[in-house]
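Have a look at the structure below, then the notes.
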Amino acid sequence: MTPRTRLCGTLLALLAHGQPAGSAPPPAEPGGGPLTVCLAEANPPFSASSLPDGGIDAELARAIAGQLGREVRLTWVTIPNRGGLGKALAQNLAGGACALFAGIPESGGPNEDLAEKRLAASTPYLETGYVLVGAHKPVRSLDDARRLGGIGVVTATPADLYLFQQHLHRLPYGNNGALLAALADGSVDAAALWQPALAEARRLGQASADGLALPEAGRTRFVFALRRGDPALLADVNAAVDSLRSDGRLAAILRAHGLAP
């Protein structure tokens, strides 16, 4: 299962309540004050304090703050092993450490659990999925894939299910790192990779090939989470994302990190 798939499952299953029953939510940020944004500390290409620009989410946070005429203040968050993204959301949004939490995955429609826990979601700023990458030559169609001896895939992911449904010869791997290594040494003829994992591998010089998009294997959208009691901020962020999409700046950020819009 990919890191983001695990995070999405954690979000649905383990998201804690925003605040104790009967307590008041943290006050909304003043419109002219700094825009505080929480980012996962080590989740490239989305966010990582080790990256010079901080990753996609950090660049987008700066662009949104600039669009709103506000200073941005980034808070790096270590996602805990116990409780995962859900615990990080509850602690940092409900606790008032930030007004926005970037990089929240949504699969298969809006995340109803966010609303139930007094959290809202912005308009999606990124949608991504899986690609089929050949080890020796490009894979341009499913017919090409059917002529291959074995296709590596991370087990129990949407891509794994899709390859099974297409009656393709699957070779299971435990994570994207192991799958990328198998692709590099030719242990597999091709690999069904999560697109952000491929983008990060390219940045590190571990891969260079393009892939065949597999939209039927499932798509994941990414949004900002924020407190439900701040509709003005939600409207501002949505308007900023729409503006950045319209003028091409959002596409430029995604391309710079190896992801097509």
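Derivation of every value follows stated rules applied to the coordinates shown; laboratory data play no part. Keep in mind that what you see is a predicted model, and the values were worked out from it rather than measured. Here Cβ is always computed from backbone atoms with ideal geometry, including for glycine, and neighbour counts include all displayed protein chains.
The amide H of Ala120, built 1.01 Å from its N in the peptide plane, has Leu226, Arg227, Arg228 as neighbours under 5 Å, considering only residues 5 or more places off or on other chains. Counting every C-alpha pair in the range 130-217, the share spaced more than 16 angstrom apart comes to 42%.
Of the trypsin sites (Lys or Arg not before Pro) found in the range 39-141, the ones in coil according to DSSP and having at most 16 other Cβ atoms within 10 Å of their Cβ are Arg82, Arg118, Arg140.
Per-residue 3J(HN,Hα) values for the range 92-104, derived from phi via the Karplus relation 6.51 cos²θ - 1.76 cosθ + 1.60 with θ = phi - 60°, read 8, 7, 5, x, x, 5, 8, 8, 10, 10, 7, x, 8 Hz in sequence order (x marks Gly and Pro).
Amide H contacts of Leu35: Glu71, Val72, Arg73, each under 5 Å away and 5 or more positions distant or on a separate chain (H built 1.01 Å from N in the peptide plane; Pro and chain starts excluded). Converting phi to 3J(HN,Hα) with the Karplus coefficients 6.51, -1.76 and 1.60 and the offset θ = phi - 60°, the range 41-47 yields 5, 9, 9, x, x, 5, 7 Hz in sequence order, with x at every glycine or proline. Each of Ala239, Ala251, Gly229 was placed along the dipole of the range 194-261 (beta-carbon charges, centred on the mean Cα), and the one lying farthest toward the positive end is Gly229. Distance from the alpha carbon centroid of the range 196-261 to that of the range 153-176 works out to 24 angstrom.
Computed about the Cα centre, the dipole magnitude for the range 109-203 is approximately 240 debye when only Lys and Arg (+1) and Asp and Glu (-1) carry charge, each at its Cβ.
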